[in-house]
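Reading through the structure tokens given below for one structure.
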There are 2 protein chains.
Amino acid sequence: MSEASEPTNQPPTEQPEVEGQTGPSKSELKKRAKAAEKEKKAAEKAAKQQELAAQQAAAEADYAAEFYGTLPLHQSQSRPRQPRVDIASLPSRDGETVLLRARIHNSRAQGSKMVFLNLRQRTESVQALMIVAPEKVSKQMVKWAAGLATESIVLVEGVVKKSPEIIKSATVGTVEVEVSKLFLISGVEARLPFTVEDADRTEAEIEASGDQFNRVLLDTRLNNRVIDLRSQTNQAIFKIQAAVGDLFRQFLHSNGFIEIHSPKLQGAATESGASVFKVSYFKGGAFLAQSPQLAKQMAIAADFERVYEIGPVFRAEDSNTHRHLTEFMGLDLEMTIEEHYHEVMEMLDGLFLSIFHGLRDKYQKEIDVVNKQFPAEEFKWREGPEGTLKLSFKEAVDLLVEDGVAREELDDINTENEKRLGRIVRAKYETDYYIIDKFPMELRPFYTMPDPTDPTLSNSYDFFMRGEEILSGAQRIHDPKLLEQQMRGKGIEPESMRGYLDGFRLGCSPHGGGGIGLERVLMLFLKLNNIRRASLFPRDPKRLEP
Amino acid sequence: MSEASEPTNQPPTEQPEVEGQTGPSKSELKKRAKAAEKEKKAAEKAAKQQELAAQQAAAEADYAAEFYGTLPLHQSQSRPRQPRVDIASLPSRDGETVLLRARIHNSRAQGSKMVFLNLRQRTESVQALMIVAPEKVSKQMVKWAAGLATESIVLVEGVVKKSPEIIKSATVGTVEVEVSKLFLISGVEARLPFTVEDADRTEAEIEASGDQFNRVLLDTRLNNRVIDLRSQTNQAIFKIQAAVGDLFRQFLHSNGFIEIHSPKLQGAATESGASVFKVSYFKGGAFLAQSPQLAKQMAIAADFERVYEIGPVFRAEDSNTHRHLTEFMGLDLEMTIEEHYHEVMEMLDGLFLSIFHGLRDKYQKEIDVVNKQFPAEEFKWREGPEGTLKLSFKEAVDLLVEDGVAREELDDINTENEKRLGRIVRAKYETDYYIIDKFPMELRPFYTMPDPTDPTLSNSYDFFMRGEEILSGAQRIHDPKLLEQQMRGKGIEPESMRGYLDGFRLGCSPHGGGGIGLERVLMLFLKLNNIRRASLFPRDPKRLEP
């Protein structure tokens, strides 16, 4: 329409109007006619353009209808069943016209006729380019595409072509996509607190940039977890998290274990010591389970023989350390014992080795992705006939004393000395994974079976990775008389735990087990340094959201 | 020792003592000498018997040491590595000497020289007999064995022998075990509230017995769950429960889903409507998640593409029905949509068919065990090209109206009409499994995507088994503007759910999903009639223990 008032390039040929004349002069009439003609032409031109625009809009709506129907929102209007492809599959699709849904990781316009889009799906990315082409891609379309916000989700139709040279900014660098159609599926309606590129930046890159503000702090990440989780590193971390659970189940399933689900709402606190969360339960109160300990043991008393559970565990401990959460995933198991509790310890050892092997054999790609941002010495464990390193608590203390720690400090091994022991063990035995057996009875809960020959010791063990505890377990007392006696010894009134005791009065096989913290295993295997990075939406005394 | 004072069988040969004599008479002396002799012999005999008893005790301790060491309690004293066998494997071990740990299911002494023991391991049982045999099995041992309480756990050594005839009281009836050694591992220290035989009794057996007190009521079972769970029926139910979880994971894993774990502690109630449990959280408060809805959707917004979660779900609804628990296991999933929400509905349909097939193909034995106590028409579903029955909400209403229900009653389909519909559908379509699609928008939560052509309808569905809902799901709104609008429409102030809304402001793919109640699937597949039977330790408004 603006063109309607544009000047023509023709020079003025008319004579100036003469004042005082009663009627329009000839020249005036001629001028008016010409102006009318001009307006008419302009109107025609405008109409034609309007018509063209309408045709174009209709054509675009037709495109849209092809995918979405005529409504702007993706609301399941139609179902043409056109398959979408994964970016990872593109190298094998050279020459094909494909359809793919992806995020705009970033974009760069080149002049007004071309835009480069880095398209991302989870951990994979590819370069797409959109070039003005007659009847196919308009200049407006390129402009619009170049203006789409980072993190927008788009549907792209395009032809896969070999890249002239390897594209280093994409994970799939041998091909690129020449875009013929582009639709916006979901836009970005808020300022990005940081980009996914920011989230994936390594320490080396931050230092090279000389700008410390290029580092996205953990709290910022957790406050904006939805975008943080889109990073390559996080996509890899949570693939590995799921893998640990799968490997845990596979191993136990093949060893005759059955999965159980025990209630997290408890009528009474089932373990003394650790603090529990209280819940309003109708007109009364309840507690959140600190572990499935009692339920697992009752399953054993009910002849389930070998059980495991994967479920949340709640700890009302007001500690904001790098390795404590108020809610974490417990991988728990319990099994009957035929002769000796080392049957359980060896089962657990087999379980860990199977997890380590599984991760190394099938998830090395993801481990490498995480290592870029969290550099770590490769996690080491002992293979072959010598097997996993097993120390008694006493031997562990001796190693620390040899290393210069005062024996008086070592009634228990605190976090600092645990880490020191980890370093000693790695230097001496070349392993990041080991077991400490035979803990002093006074360090363990009342239900732990005492050693048969030395009642100050117990049939219990902890497992360690990189100098931090990841599993605690033991043979449990299955005899209600001994259990009562041990309760009294620890100052617990047996009547207050009657439900627990009753579980054993009708006959219970000897048994033992252990509980693994999923997030700890993940944190230590990958050396993430903070357990919050190993939890999808972590909970600590100060964080309940998102 | 009692034998020391026993009379000899020799007749008295001495003369009677004469009164008034100052010294012992000859006969008296002879008598005394004889008595002394007799005492000496008796003492010698007693000593010899003591020695024999000691030898026997030592021998028994040696037996014990062989298995347990010398302590009475199974406390991991030694580890001879003698393998234990399963009862199920006994038919292939004819002639072998085996060692097995089992419960005494019941026992029956036959005279003083023989005892029959019915030994049980989980769902399997076998007859063992212990017969007095010189140098091997003493009369005392038989007596002791016969006196062991039902449900005691014993370690048995014996020879497997073909039974003279099939033993009907045992599941393994072709062989029996001739016991040579028997040790008590764990005794019973309380009165049994009921036996496992009681727990497994069928309605037919109860009626045949003419004694209604032979029925163990559900509350009694749940109060004594540890013994109740030992029944064949329960062992089978919880094997099937674990199988449902395994089949769920297998199907989703093979369809590219990843397992996530979301927190149950929430800073704010994430869904309006249903009531939530409040938790004391340090100096503030928190809520227990009613579903992983928001977390699943945030995982989609974080590009996880296809996620599932198996975890507890908490509902503070004060309803004591046959199908409500305050804590149950949610099998939840969420996935992105390319074109139409029926992609999700079909994925869920495939999932259920895969679960049904898996159960039928691999767990028919367990299903048959449960059916003995809970008779049910075989669960039916539609196979082949016609596929699962899918009705729209409107079609479901029409079926009920045709059947005589007043249309005015059917703004929603209540529990009673749901069951009626189940009967109509079974009669008309020969299936116990079907889908109802296109629920009215007003029956669904604010985050449900409206139908594109009729805003009073929604892109949502429920799945049914035997006329009861087992899954509820929908396409969700991924557009924050529409989401706000819908919140307002339902009277929810968007600012009160800011965290939820923020999850979608940075771009989110169209998506949908659903949540399955594990216990409901189990209850309805097996027709257990009460959801408490499908939960290991059920929780309802009145039950928090065991």
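Using a label point 7 Å beyond Cα on the Cα-Cβ vector, give me the inter-copy distances for residue B:378 in nanometres, one decimal, shortest first.
Listed shortest first, these distances are 5.5 nm.
Taking a ≥ b ≥ c as the square roots of the eigenvalues of the Cα gyration tensor of the stretch A:207-271, is the shape rounded (a/c under 1.5), prolate (a/b larger than b/c) or oblate?
Working: a/c = 3.93, a/b = 1.87, b/c = 2.10.
Oblate shape, in that a/c is at least 1.5 and b/c is the bigger or equal ratio.
Would you please classify the overall shape of the stretch A:66-193 from the alpha carbon gyration tensor, given that a ≥ b ≥ c denote the square roots of the eigenvalues, rounded means a/c under 1.5, and beyond that prolate means a/b larger than b/c while oblate covers the rest?
In terms of gyration-tensor shape, rounded.
Could you give each residue of the stretch A:400-405 its phi-based ³J(HN,Hα) in whole Hz, using Karplus coefficients 6.51, -1.76, 1.60 with θ = phi - 60°, and x for Gly or Pro?
Here the 3J(HN,Hα) series is 5, 5, 3, 7, x, 7 Hz.
Convex hull volume of the Cα atoms in the stretch A:314-407, per residue, in Å³?
Once divided by residue count, the hull of the stretch A:314-407 is 218 Å³.
If you draw the axis that swings chain A onto chain B, which residue of A has its Cβ closest to it, and how far is that in whole Å?
It is A:279, 3, counting Cβ atoms only.
Scale the Cα Rg of the stretch B:264-381 by the rule-of-thumb value 2.2 N^0.38 Å and send over the ratio, two decimals.
Against the empirical 2.2 N^0.38 Å value, I get 1.37 for the stretch B:264-381.
Using a label point 7 angstrom from Cα along Cα-to-C-beta, what distances in nm, from shortest up, separate residue B:165 from the other copies?
Once sorted, the set of distances for residue B:165 reads 9.3 nm.
Taking the Cβ of residue A:162 as the centre, find all other residues whose Cβ is under 13 Å away and add up their charges (Lys, Arg: +1; Asp, Glu: -1). Present the calculation step by step, with values, prior to reporting the outcome.
Values: positive: A:93, A:161; negative: A:94, A:96, A:165, A:176, A:178.
For residues surrounding residue A:162, the net value is -3.
Using only Cα atoms and rounding to the nearest 10 degrees, what angle (0 to 90) does helix A:342-362 make with the longest principal axis of chain A?
The angle comes out at about 20 degrees.
Run down the lysines and flag those whose C-alpha is under 20 Å from the C-alpha of residue B:394, throwing out any fewer than 8 positions away in its chain.
Straight-line reach from residue B:394, under 20 Å: B:419, B:428, B:438.
What is the diffusion coefficient of the stretch A:193-234 in µm²/s, taking the Kirkwood radius over Cα pairs and the Stokes-Einstein relation at 10 °C with a viscosity of 1.306 mPa s? Before the final figure, lay out the partial values.
Details: Rh = 10.3 Å.
After rounding, the answer is 154 µm²/s.
For the pair residue A:133 and residue A:37, what calculated FRET efficiency results from E = 1/(1 + (r/R0)^6), where r is the Cβ-Cβ distance and R0 = 41 Å, to the nearest 0.05?
0.65
For chain B, what proportion of DSSP beta bridges, expressed in % and rounded to the nearest 5, is antiparallel?
Given both bridge residues lie in chain B, the antiparallel proportion sits at roughly 90 percent.
Just for the stretch B:113-167, what percent of DSSP beta bridges are antiparallel, to the closest 5?
Percent antiparallel among DSSP bridges in the stretch B:113-167 is about 100.
Could you order peptides B:151-164, B:367-380, A:29-42 by the average number of other Cβ atoms within 10 Å of their residues, highest first?
Details: B:151-164: 18.3, B:367-380: 16.1, A:29-42: 12.1.
In descending order of packing, they fall as B:151-164, B:367-380, A:29-42.
In whole Hz, what ³J(HN,Hα) sequence does the stretch A:518-524 give by Karplus (6.51, -1.76, 1.60; θ = phi - 60°), x for Gly and Pro?
Rounded to whole hertz, the list is 4, 5, 5, 4, 5, 4, 7.
Tell me, Kirkwood radius of the stretch A:364-505 from alpha-carbon pair distances, in Å?
17.3
Under the definition of partner shielding as Cβ atoms of other protein chains within 10 Å of a residue Cβ, what is the mean value for peptide B:248-255? Spell out each step's value before the answer.
Working: counts 0, 4, 0, 0, 0, 2, 0, 0.
Mean inter-chain Cβ contacts per residue within 10 Å come to 1.
May I ask you to list the lysines whose Cα is less than 30 Å away from that of residue B:45, ignoring any residue fewer than eight positions away on the same chain?
Within reach: B:26, B:30, B:31, B:34, B:113, B:136, B:139, B:143, B:181.
Given 4 °C and 1.567 mPa s, how large is the Stokes-Einstein diffusion coefficient of chain A in µm²/s, with Rh as the Kirkwood radius over Cα pairs?
On the way: Rh = 29.0 Å.
Answer, rounded: 45 µm²/s.
Any idea what angle helix A:415-429 forms with the longest principal axis of chain A, computed on alpha-carbon atoms, 0 to 90 degrees, nearest 10?
Its long axis makes an angle of about 90 degrees.
Ordered shortest first, which distances in nm separate the 7 Å Cα→C-beta label point of residue B:402 from those of the other copies?
So the distances to the same position in the other copies read 8.3 nm.
How high is the FRET efficiency between residue B:403 and residue B:530 when r is their beta carbon distance and R₀ equals 25 Å, given to the nearest 0.05?
Using R0 = 25 Å, I get an efficiency of 0.40.
Averaged over peptide A:310-320, how many Cβ atoms belonging to another chain are found within 10 Å of each residue's Cβ?
Mean number of neighbouring Cβ atoms from other chains: 3.
Pop out the Kirkwood hydrodynamic radius of the protein assembly as shown from its pairwise C-alpha distances, inverse of mean 1/r, in Å to one decimal.
Over the protein assembly as shown, the inverse of the mean reciprocal pair distance is 34.5 Å.
Restricting the count to DSSP beta bridges whose residues both fall in the stretch B:87-231, what percent are antiparallel, rounded to a multiple of 5?
90
Cα to Cα, under 18 Å, and not fewer than 8 places away if on the same chain: which lysines meet these conditions relative to residue B:542?
By straight Cα distance, residue B:542 reaches A:264, A:278, A:283, B:278.
When you count, for each residue, the other Cβ atoms within 10 Å and take the mean per peptide, how do B:513-521, A:427-435, B:89-97 rank with the highest first?
Taking the mean over residues of other Cβ atoms within 10 Å, the ranking is B:513-521, A:427-435, B:89-97.
Other chains near B:336-343: what is the mean number of their Cβ atoms within 10 Å of each residue's Cβ?
6
Show that you can apply the helix-only estimate: for chain A, add -39,500 (n - 2.57) for every DSSP H stretch of four or more residues, divide by all residues, and state [θ] at 222 nm to the nearest 500.
-10500 deg cm²/dmol
Considering the Cα positions of the stretch B:437-543, please state its Rg to one decimal place and its Dmax as a whole number of Å.
17.1, 47
What do you get for the angle between helix B:26-67 and the principal long axis of chain B? Use alpha-carbon atoms, 0 to 90 degrees, nearest ten.
30
For the stretch A:169-309, rounded, prolate or oblate, judged on the Cα gyration tensor with a ≥ b ≥ c (square roots of eigenvalues), a/c < 1.5 rounded, else prolate if a/b > b/c?
Verdict is prolate for the stretch A:169-309.
Every read-out reported here was derived from the displayed coordinates using simple, explicitly stated rules and does not represent laboratory data. All values reported here derive from a predicted model rather than from experimental measurement. Every residue, glycine as well, gets a Cβ built from its backbone with ideal geometry; the counts of neighbours run over all protein chains shown.
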